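Here is the structure we will look at, set down as C-alpha cells.
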Amino acid sequence: MNMPPVVSAQEWHAARERLLKKEKEMTRAMDALAAERRRMPMVRVDKDYTFEGPDGSASLLDLFEGRRQLIVYCFMWHDVDNVCSGCAMFTDNVGHLAPLHARDTSFALVSRGPIGDILRVKERMGWTIPWYSSLGNSFHDDMDAGDGFGLNVFLRDGDEVYRTYFTTGRGVERLGSSWTFLDLTPFGRQETWEDSPEGWPQTPPYGWWRLHDEYEQA
C-alpha cells in the first residue's frame, strides 16, 4: 500500500498551514452559504398530512412538539427485515436532540412503512428520535423524497406551516451535529456573530451550550 510521504516536522507544519488556509476559506464560504439560506423564501404547506406514531395519529403541526422549527428526515423504507443501511447510518450519526430543542427546533423521522414495523426497527437500533409512519399520505412525494430519502426544514407561525429548505443525496452526508442541522434552518444557530436578517432571534455564542441533561434544568 502506498503511504503518504514522510517529512520533517517543519515540512509537515508548512503543509498543514497551506491546507488550513484552504479550510478557513471553505468555512467562511459555508458561513456565507448559511446566511444566504436564512434568506431563502418559503412556501406554505396547505395540505393536511396524517402520520401514525406510537401514540396514534399526528399531524405535521404535531411533529413540531410546540417548537417554531422542524427538521424532518424521510427515511427510505424497504422492509422491517431490510432496513436501508444509508438511512440507518445517517440516523446513527444524529446527535442528542437537547441542543436542537434548546434552539426551538424539533427533529423527526418519517417512513412509508407500518408503524409497528418502524417501532421494531427503532427498538432494535436503540434510537430515541421520534419516528412516524407516513404510509397512506403523499408527504414523501410532495416533499421531493419519493421512494428515496431527503431532509426537509419547516417553520411554524402559529398554526401555519411553511417549507423552507430541502436536501438529499450527498447533501445529508455532512450532517449529524446540532450545528450542521441548525445551519439549515431559517433562524440558524441564533448566535450574534451570524449574518441574519433583522429581528432574527440571537444570543451570545456559547452561552446557551449545556450538558444535554442540564437543558431542562436551565
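For (1) closer than 24 Å to Cys87 by Cα; (2) in contact with a strand residue (DSSP E or B) (Cβ under 7 Å, 6 or more places away or on another chain); (3) among the basic types (Lys, Arg), each residue gets a yes or a no:
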| position | (1), (2), (3) |
| --- | --- |
| Gly169 | yes, no, no |
| Ser178 | yes, no, no |
| Phe181 | yes, yes, no |
| Arg189 | no, no, yes |
| Trp193 | no, no, no |
Here's a check for you: in the range 42-75, which residue that is charged (D, E, K, R) and part of a strand (DSSP E or B) is surrounded by the most Cβ atoms within 10 Å (Cβ to Cβ)?
Glu52
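So, in the range 98-111, how many residues would count as being over 13 Å from Val72 (Cβ atoms) and buried (at least 21 other Cβ atoms within 10 Å of the Cβ)?
Residues meeting the conditions: 1.
From the residues in the range 191-218 that are among the polar types (S, T, N, Q) and in a loop (DSSP other than H, G, I, E, B), which one is farthest from Asp31 (Cα to Cα)?
Taking the range 191-218 as the starting set, the residues that turn out to be among the polar types (S, T, N, Q) are 192, 196, 202-203, 217.
Now narrow it down to the ones that are in a loop (DSSP other than H, G, I, E, B): 192, 196, 202, 217.
On the way: Thr192: 13, Ser196: 11, Gln202: 16, Gln217: 31 Å.
Result: Gln217.
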Members of the range 181-208 that are surrounded by 15 or more Cβ atoms within 10 Å (Cβ to Cβ) and either among the hydroxyl-bearing types (Ser, Thr, Tyr) or modelled with pLDDT under 95 (or both)
Thr185, Ser196, Trp208
Do any helices (runs of 4 or more DSSP H) entirely within the range 92-178 hold 1 or more residues that are over 18 Å from the mean Cα position of the chain (by Cα), and if so, which?
115-125, 139-142
Only unsatisfied item for Arg39, checking (1) touching a Pro at 6+ places or on another chain (Cβ under 8 Å); (2) in a helix (DSSP H, G or I); (3) of a type in the set (Lys, Arg), is (2)
Looking only at the range 84-97, how many residues end up being in contact (Cβ under 8 Å) with a residue 40 or more places away in the chain and either surrounded by 20 or more Cβ atoms within 10 Å (Cβ to Cβ) or closer than 17 Å to Trp179 by Cβ (or both)?
6
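The values are calculated or read from the model by the stated rules, or taken from the named source; none is laboratory data. These numbers were taken from a predicted model, which means no experiment stands behind them. Methodologically, a virtual Cβ is constructed for each residue, glycine included, from the backbone with ideal geometry; neighbour enumeration extends over all protein chains shown.
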